[in-house]
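The structure under discussion appears below in the form of structure tokens.
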Amino acid sequence: MRQSQLFTKTRKDVSKSEEATNARILLKAGYIDQLMAGVYTYLPLGYRVIRNIERIVREEMNAIGGQEILMPALHPKSVWEETGRWDTIDVLYRFTTHYTGMEVALGSTHEEIVTPTAKKFVASYKDLPFATYQIQTKFRDEKRAKSGVLRGREFIMKDLYSFHTSEEDLDAYYEKAIEAYHRVYKRLGIGSTTYKTYASGGTFSKYSHEFQTLSPVGEDTVYVCHDCKIGVNEEIIHEMDGCPECGAKLEQTTAIEAGNIFKLKTKFSDSFGLSFTDKDGTEKPVYMGCYGIGISRAMGVITEFFAEGDSKMTWPEEVAPFKVHILALNTDKEDVMNTAEKLYQDLSSTGTEVLYDDRDERPGSKFSDADLIGIPHRVVVSSRSLEQGGVEYNGEVISLPDLLTKLSA
């Protein structure tokens, strides 16, 4: 893409009310635009990052047998009354329709939708197990939307639900999901600092698990074992004498929640009468699990992790909006523009995603914008680099053939 055709621009200043690094960087770089507190537009660069995160998550959920669907965001009151959660979930947006007077809610989660849907297709043990997921916008009436895209009132989320004939089968799938989550975070570039963390299971089971990314700006207090890469959430630390894996002493730190998983067991199956007939003809309840990853939240977590102050960051390659950023300096020089154009065309022809800064701007502005935008591979084409026999990459001058070999691999 030619940067001269990108309708968004970088910004020098953002509101002082934006305290989170992720919000300041993403707003200044032109990745997002705030409509109101906790609600953002994902601009061309930002939406490309979102789509890349979705692709990674989608590939790993498909790898553990997830079947993708898309469920409604608008829910009737009746399904939430079935589980008794209409009046107990304080972040649920509820309202009455203008013409019919029907009471409805905007989905904050989808157990109330996916369970009765599954009931229409599950009759026998032969219909189980299976897992289904969606990537969809969710809504939560947060008391205070804060921390940029880390805690919004409208956000993008992946939620997967699994259905099983027994608790043992649920347990086995749960472990597969844990491994899939580790692969996701590794590919997002935050795997080394994201720990599986024991948390309260609420009404479902003794424990659930969060995936916490260690960060000095994290909202959550966790106690971690660095050897096992295991954490324990502050809410249940009184139940643990040490690391639940090795027994070692735990270290207190702060972290950002990047995902969570629950063994729902038969909580929602019981509410909706979701059952199956076993081999011996006995009717039994279906066991369920729930597995969530905030897609837009992941964007914020990655930004917090890779940002260098408020004016620079570098995206992990799998997540970045483009792989290569070409900066053409001395735009009044024909040889510079011809070389930059050829490089842009040659890289694009190999399927490499390129942002080409062809704008008539001062070099300082181009470098400042490139620092903010944070594309991992930067190539500078200038009169000086051409005089030295090529283009500048990683602080060195390299020939075009050698550069194409490196970046097309």
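FYI, it's all coordinate maths here, none of it is from the lab. On a predicted model such as this, the values are computed, not experimentally measured, just so you know. Every residue, glycine as well, gets a Cβ built from its backbone with ideal geometry; the counts of neighbours run over all protein chains shown.
Distance from the Cα centroid of region 53-84 to that of region 293-346 is 32 Å (rounded to whole angstrom). In straight-distance terms, cross-link reach from Lys279 covers every one of the lysines whose alpha-carbon lies under 25 Å from its own, apart from those fewer than eight places away in the same chain; here that gives Lys119, Lys120, Lys126, Lys263, Lys265, Lys267. The average projected area of region 92-183, computed from the convex hull of its Cα atoms over all directions, is 8.8 nm². As a length-normalised measure over Cα pairs under 8 Å and 6 or more apart, the relative contact order of the chain settles at 17 percent. What's log10 of I(q)/I(0) for region 369-409 at q = 0.18 Å⁻¹, Debye sum over Cα points only, no solvent? Here the Debye-derived log intensity ratios amount to -0.52. Taking Cα centre as origin and charging only the Cβ of basic (Lys, Arg, +1) and acidic (Asp, Glu, -1) residues, the dipole magnitude of the chain rounds to 680 debye.
Residue ranges 27-33, 313-319, 66-72 sort as 27-33, 313-319, 66-72 when ordered by packing (mean number of other C-beta atoms within 10 Å per residue, highest first).
Highest GNM mean-square fluctuation among Cys243, Cys228, Cys290, for the chain modelled with Cα contacts below 10 Å: Cys228.
For region 87-241, the pair-distance distribution built from all alpha carbon pairs, in bins 10 Å wide starting at 0, is 8, 27, 38, 20, 6, 0 percent. Within a straight-line Cα-Cα reach of under 30 Å, Lys16 can be paired with the following lysines, leaving aside sequence neighbours fewer than 8 residues apart in one chain: Lys28, Lys138, Lys143, Lys146, Lys312, Lys366. Over the chain, the fraction of Cα-Cα pairs per 20 Å bin, rounded to whole percents and listed from the shortest bin up, is 24, 49, 23, 4, 0.
When restricted to Cα atoms, region 1-109 yields an Rg and a Dmax of 19.2, 54 Å, respectively.
For region 324-408, a Kirkwood radius taken over Cα pairs fed into Stokes-Einstein (10 °C, viscosity 1.306 mPa s) yields D = 126 µm²/s. Here the Gaussian network model covers the chain, with springs between Cα atoms less than 10 Å apart; of Glu239, Glu112, Glu167, Glu239 fluctuates the most. Largest GNM mean-square fluctuation across Thr193, Thr165, Thr350, computed for the chain with C-alpha springs under 10 Å, falls on Thr350.
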